[in-house]
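This report refers to the structure that appears directly beneath it.
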Amino acid sequence: MQSSRSKPCSCPSLKLREVASMYLTLVAAFLVILVVALQGSAPRHSHFPYKVPLDPQGLLELSWNVSYPEQAVHFQLLIRELRFGLLFGMSDRGEFENADLAVLWSDGHSSYFGDAWSDAKGQLHMDSQQDYQLLGARRAPEGLYLLFRRAFSTCDPKDYLIEDGTVHLIYGILEEPVRSLQAINISALHGGLQRVQLLKPNISIPELPRDMKTMEITAPDVVIPSQETTYWCYMAELPEGFPKHHIIMYEPVVTAGNEALVHHMEVFQCAAQFDSFPHYNGPCDSKMKPDRLNYCRHVLAAWAMGAQAFYYPEEAGLAFGGPGSSRYLRLEIHYHNPLVFKGRRDSSGIRLYYTATLRPYDAGIMELGLVYTPVMAIPPGEDSFILTGYCTDKCTQLALPAAGIRIFASQLHTHLAGRKVVTVLSRDGRERQVVNADGHYSPHFQEIRMLKEVVAVFPGDELITTCTYNTEDRSRATVGGFGILEEMCVNYVHYYPQTQLELCKSAVDPGYLHRYFNLVNRFNDEEICMCPQVSVPQQFYSIPWNTFNRDVLKSLYGFAPISMHCNKSSAVRFPGEWEKQPLPSITERLREPGPRCPPAPGPQPAAPVPLNLG
């Protein structure tokens, strides 16, 4: 076959100068078109329904929308004080290493936008596949708006897979001009992270009744302490004789200017067994806080930064007020103040929307997962240790109505070592449906999330909750319990109609754990005291955590029978035999969904887009 080089050319000959002139003309025309496009008007605010401040000072504000038909997220980033650019992106736990980034930078004369990634050492590289697609840029009195798009899945190994659950967003501000992307020094940036749920559920908002009323549970002009983390508690109470109502919606009330400081908030109802609760307004960890406030644990509302209003399904509402219901409520606000602002006042809280016209069903809250007990433990130095709690078919068969229940929302919960949480519905030994999952779970970002679709649970179904923990920074075992350095594995599911079943959880049988301690004692040179007076935590703390002891514990949790807690709201178990119950047998697992790759675009050079930002 004759090479193209040797073919005669019938085209007229062009001089090098003419070729260069034509090339420069095309480039100039392209830049003019790009600049005109980028200086167009930004979409209306309604196009970006979700919003969160990225930095504590509120200089960077992210808004976004989700297109499930396109399988893409559209971002609008407001930069109030642009210096020489910024980095914005996503990573597994909020690190700047191994991150997927959109970068805007300036060399002091020209500005550029590009899709980049960082390696394990934090060095930036231009991505060979440009998946952050710039849609527009606009100057406004409040700052610079950048609009760009990103598909959920790009099938680029350097890109982050956007999926359900928590996403760790990272940002960095460039204070000086840089000659190239590779010249950016990540370690010298002023940056941080923000956690959000990017993939909000696309659900319809139910119509609200005409007799709806509102009630604000807010902090009374609190002076935010000048420290990074504060949990503030404030006691409120309902009017005397307040009859039964249904909460049908709630939303945050955040004091203007404090949007970047109010991290999350919860309203708890107190236990009805006490006639009164003391008034309190102060830090939740203060020695002055009355102990009785620890009995205010029933969640009425929970909000975290980035979340919008929470709506109950039109056929159900959360009951409060009336006989058997406490009048006392506890508001808890988490203030995140990393810049240690002083003298900042706050009156944030939650606004409840309620109605006296009761809906057909009372909504209920059920606890799934593991019992708060030290028999469930995680060895130190583990990067992904798994514990599983069961709500068995025996319990749901006994406690659920024949028509079943409908789960519409969920709040996952662990303490500081938790990294992943998932609850799966199983029926007849086959996994049928994921109730809720968070593969990038953070204990610092917990909110009640509405599910994309209602999950029906029937008598005889099983609900299996699995938590993954990381204890690489710990030198001794982490046991289950209420302390912040102890662990939990819980899914609070919100459902209707309300039943008597309030807690459906498990733990390993204590007798089998005792056998484990005996086995470890026999196979190790070091003596482990098995005396009756030595507590389970102390026995775990004394174990030498070699490979054998770790593997045997994992195996124990995978086959040993369980103690089931199938409890009513009175904390009394339903009648039946609940000790030494066999683990549910799962014969068919759900398939892991594979990434949906978008249609392959035409060849896109790994080059930044030049910008004229005026």
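Between residue 521 and residue 473, the FRET efficiency from the beta-carbon distance, with R0 = 25 Å, is close to 0.35. What segment 50-200 shows is 38 Å² of accessible area per residue, with the surface traced by a 1.4 Å probe over protein heavy atoms. Applying Stokes-Einstein at 4 °C and 1.567 mPa s to the Kirkwood radius of segment 420-536, computed over alpha-carbon pairs, gives a translational diffusion coefficient of 73 µm² s⁻¹. Computing FRET efficiency as 1/(1 + (r/R0)^6) for residue 256 and residue 83, where r is the C-beta to C-beta distance and R0 is 25 Å, gives about 0.45.
Over all pairs of different C-alpha atoms, segment 50-200 has a mean inverse distance whose reciprocal, the Kirkwood radius, equals 15.4 Å. The charge dipole of segment 52-137, taken about the Cα centre with unit charges on the Cβ atoms of Lys, Arg (+1) and Asp, Glu (-1), comes to about 240 debye, rounded to the nearest 20.
The per residue volume of the convex hull around the alpha-carbon atoms of the chain is 229 Å³. Here the Debye sum runs over all C-alpha atoms of segment 149-199 as equal scatterers in vacuum, and log10 of I(q)/I(0) at q = 0.14, 0.20, 0.21 Å⁻¹ comes out as -0.53, -0.89, -0.92. For residue 309 and residue 237, a Förster radius of 25 Å and the Cβ-Cβ distance give a FRET efficiency of 0.55, rounded to the nearest 0.05. Quick one: net charge of residue 242's neighbours, Cβ under 14 Å, K/R +1, D/E -1? Value of the local net charge: +1. Rounded to the nearest 10 degrees, the angle from helix 510-523 to the longest Cα principal axis of the chain is 70 degrees. For segment 208-287, the fraction of 1.4 Å probe accessible surface lying on carbon and sulfur atoms is 49 percent.
3J(HN,Hα) couplings calculated from phi for segment 110-121 with the Karplus curve 6.51 cos²θ - 1.76 cosθ + 1.60 (θ = phi - 60°) are, in sequence order, 10, 10, 9, 10, x, 8, 9, 9, 10, 8, 5, 9 Hz; Gly and Pro show x. Assuming a ≥ b ≥ c are the square roots of the Cα gyration tensor eigenvalues, decide whether segment 190-236 counts as rounded (a/c under 1.5), prolate (otherwise, with a/b larger than b/c) or oblate. Cα axes put segment 190-236 in the oblate bin. One chain, two ends: residue 229 and residue 297. Fully extended at 0.36 nm per residue, the span grows by 22.4 nm beyond their Cα-Cα distance. Taking 0.36 nm per residue of separation and subtracting the Cα-Cα distance, full extension of the segment from residue 288 to residue 592 would add 104.5 nm.
Taken about its Cα centre, segment 204-359 carries a charge dipole of roughly 260 debye when the Cβ of each Lys and Arg holds +1 and the Cβ of each Asp and Glu holds -1.
Here segment 50-200 has 45 percent of its accessible surface on carbon and sulfur atoms, given a 1.4 Å probe and all protein chains in place. Full extension of the chain between residue 221 and residue 432 yields a length gain of 71.1 nm, computed as 0.36 nm times the residue separation minus the alpha carbon distance. Amide H to amide H distances under 5 Å link residue 229 with 337, where only residues 5 or more positions off or on other chains count and H is placed in the peptide plane.
Note on segment 361-407 and segment 542-592: Cα centroid distance 10 Å, given to the nearest whole angstrom. Taking a straight Cα-Cα cut-off under 24 Å and skipping sequence neighbours fewer than 8 places away in the same chain, the lysines within cross-link reach of residue 394 are 505, 568, 580. Computed from Cα atoms, the angle from the helix 547-559 axis to the main principal axis of the chain rounds to 70 degrees. Amide H contacts for residue 253 (H built 1.01 Å from N in the peptide plane; partners 5 or more residues away or on another chain; cut-off under 5 Å): 349, 350, 351. In sequence order, segment 539-544 has phi-based couplings of 5, 5, 5, 8, 6, x Hz under the Karplus curve 6.51 cos²θ - 1.76 cosθ + 1.60, θ = phi - 60°, and Gly or Pro positions carry x. Is the C-alpha gyration tensor of segment 364-591 telling us rounded, prolate or oblate? Criteria: a/c under 1.5 is rounded; beyond that, a/b larger than b/c is prolate, otherwise oblate. The shape class here is prolate.
Estimated at the nearest 10 Å², the accessible area of residue 320 is 0 Å² with a 1.4 Å probe. Remark: the chain carries a charge dipole of roughly 940 debye about the Cα centre, counting +1 on each Lys and Arg Cβ and -1 on each Asp and Glu Cβ.
Ligands, DNA and RNA are left out, and with a 1.4 angstrom probe the accessible area of segment 241-354 is 41 Å² per residue. Given axes a ≥ b ≥ c from the Cα gyration tensor, I'd like to know whether segment 204-359 is rounded (a/c under 1.5), prolate (a/b larger than b/c) or oblate. Oblate is the answer for segment 204-359, as a/c is 1.5 or above yet b/c matches or exceeds a/b.
Once each part is reduced to its C-alpha centroid, what is the distance from segment 153-202 to segment 48-108 in angstrom? Cα centroid to Cα centroid, the span is 7 Å. Pairing the Cα long axis of helix 16-38 with the longest principal axis of the chain, what angle in degrees results, from 0 to 90 and rounded to the nearest 10? That helix lies at roughly 40 degrees to the long axis. A 1.4 Å probe, protein heavy atoms only, puts the accessible area of residue 231 near 90 Å². For segment 361-367, 3J(HN,Hα) computed residue by residue from phi via the Karplus equation (6.51, -1.76, 1.60; θ = phi - 60°) reads 10, 6, 7, x, 10, 10, 8 Hz, glycine and proline entered as x.
The values are calculated or read from the model by the stated rules, or taken from the named source; none is laboratory data. Just so it is clear, the model here is predicted, and its values are computed rather than measured. Here Cβ is always computed from backbone atoms with ideal geometry, including for glycine, and neighbour counts include all displayed protein chains. When the accessible area is computed, the model is the full protein with side chains, heavy atoms only, and any ligands, DNA or RNA have been set aside. Shrake-Rupley method; radii C 1.70, N 1.55, O 1.52, S 1.80 Å.
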